Each structure stands twice: as structure tokens, then as C-alpha cells.
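Let me begin by presenting the structure, written as C-alpha cells, before commenting on it.
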Amino acid sequence: KESDFELRFLAARLTGSRGTRFFPELYESRYEDIKLKVVRHLTETREKSCVDFFLSRVKQEESKERRLQLVDYFASTKSSRAEPFLRHEIDKLTSGDPYSMAVIHALRECGTYESIEPLYNKRRWGLTREIEEAIAAIQERIGAGDSGALSISKEDTDGGLSITDDRG
């Protein structure tokens with residue numbers, strides 16, 4: 001109930017998991033520094049309880065710094081709930097851009113098989129290595145498909161297929 005948002009942030013942070021419920025309200029304040037502190041704290045603690053709240057806010061964020069922090073937060077939580085938003089952001093990838101690198105890293109941590117083909121299709125000069133590493137990390141985390149299995153592409157409008165080889 002304190003009117004000083006800095007004090008409210010410190011109190012919420014010091015109360016641990018019980019204070020997590022106050023972070024969305026603090027984020028909604030008009031103070032940019034408080035918003036950044038909230039996201040930074042949740043990223044450092046890998047607190048997953050605010051993922052849905054931030055997913056509902058990230059598209060409206062005008063601050064590039066805050067969008068970048070939110071993508072880093074999603075990566076820290078490793079929550080697959082962030083994957084649809086991150087897949088949507090693939091179209092904005094540009095070489096050397098910190099936001100692009102953060103999106104690729106977040107997909108590396110949060111992505112499922114549905115992120116592999118969009119990532120593969122967006123390989124660009126300068127991002128190829130990072131994208132290939134992200135794809136390899138996703139595949140390692142979710143495991144290989146059964147030998148000879150086919151999958152239908154959701155991204156390819158020409159009806160693409162992929163097949164898992166039986167090399168071990």
C-alpha cells in the first residue's frame with residue numbers, strides 16, 4: 001500500500017515467492033525504472049508465474065529496451081508458452097541486431113518442433129550460425145523423431161515434408 005514504488009518493489013522482492021503477485025501491478029506503474037527493475041528481477045530469479053502477464057503486454061510495448069528485456073525474461077523461464085510470440089518475431093530478424101539475437105536465444109530455450117522450420121527458413125547471412133545452434137539445441141531438447149517419420153510443414157505453403165533419417 002506504500003505510495004513509493006521503489007519501496008514497494010523492494011518489499012515485493014524481499015518477500016520472495018509471496019511477493020511475486022505484486023510485480024504485475026508494479027510493472028503497470030508509470031515509472032520506467034520500476035518496470036525495468038521488475039523484469040530484470042524476474043529474469044534473474046527465473047520466476048515463471050508472470051509469463052502470461054508479460055505475453056499479454058509485450059506486443060504493446062513501444063520501448064525497444066523493455067521488449068528486449070521481456071524476450072530475455074522469456075528465455076530465462078524456458079516456458080514454451082512464449083513460443084508463439086517468439087515465432088512471430090522471427091520475421092523481424094536482422095543481422096547484428098541485439099533484439100534478433102535475443103529472439104533466437106529465447107527460441108533456443110523455449111522453442112518446440114514448431115520453431116525449427118521457421119528458424120531454418122529465416123537463416124540470413126550473419127545469423128546462420130546462431131540459428132543453426134538454436135535449431136540443434138531445440139532438437140537435442142525434444143529428441144529426434146522416429147526413423148523414417150514424416151512431418152507436414154505448417155509454414156510452407158507449397159506442402160513441404162521432412163523426413164527423419166536413421167543415422168544415429
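The values are calculated or read from the model by the stated rules, or taken from the named source; none is laboratory data. Computed from a predicted model, the values in this text were never measured in an experiment. In this analysis, Cβ positions are derived from the backbone assuming ideal geometry, glycine residues included, and neighbour counts consider all displayed protein chains. Side chains are part of the model used for accessible areas, which takes the heavy atoms of the whole protein and leaves out ligands, DNA and RNA. Shrake-Rupley method; radii C 1.70, N 1.55, O 1.52, S 1.80 Å.
The table below lists the values:
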| item | result |
| --- | --- |
| Count of segment 71-110 residues which are of a type in the set (S, T, N, Q) and under 17 Å from Glu133 (Cβ atoms) | 2 |
| Subset of segment 115-144 [closer than 12 Å to Arg87 by Cα and surrounded by 15 or more Cβ atoms within 10 Å (Cβ to Cβ)] | Ser115, Ile116, Glu117, Pro118, Leu119, Lys122 |
| Residue ID - nearest to Arg30 (Cα to Cα), chosen from residues in segment 48-73 that are acidic (Asp, Glu) and touching a helix residue (DSSP H, G or I) at 6+ places or on another chain (Cβ under 6 Å) | Glu61 |
| Qualifying residue in segment 86-100 (condition: acidic (Asp, Glu), assigned to a helix (DSSP H, G or I) and surrounded by fewer than 18 Cβ atoms within 10 Å (Cβ to Cβ)) | yes |
| Cβ pairs under 6 Å, 6+ apart, first in segment 125-140 and under 9 Å from Arg108 (Cβ atoms), second open to solvent by 80 Å² or more (accessible area, probe 1.4 Å) | Ala134/Arg108; Ala137/Arg108 |
| Residue pairs meeting the criteria (Cβ under 6 Å; at least 6 apart or on separate chains; first acidic (Asp, Glu), in segment 88-106; second surrounded by 18 or more Cβ atoms within 10 Å (Cβ to Cβ)) | Glu89/Val103 |
| Any hit, segment 68-91, residues being on the phi < 0 side of the Ramachandran plot, hydroxyl-bearing (Ser, Thr, Tyr) and more than 10 Å from the chain's Cα centre (by Cα) | no |
| Residue check, Glu65 of a type in the set (Asp, Glu) and either open to solvent by 40 Å² or more (accessible area, probe 1.4 Å) or in contact with a strand residue (DSSP E or B) (Cβ under 9 Å, 6 or more places away or on another chain) (or both) | yes |
| Which numbered condition Ala106 fails, given (1) small (Gly, Ala, Ser); (2) over 30 Å from Arg46 (Cβ atoms); (3) modelled with pLDDT of 95 or more | (2) |
| Filtered residue count, segment 52-67, keeping only those that are part of a helix (DSSP H, G or I) and either in contact (Cβ under 8 Å) with a residue 24 or more places away in the chain or closer than 18 Å to Phe9 by Cβ (or both) | 10 |
| Residue match in segment 106-116 (condition: out of contact with any helix residue (DSSP H, G or I) (no Cβ under 6 Å at 6 or more places or on another chain) and assigned to a loop (DSSP other than H, G, I, E, B)) | no |
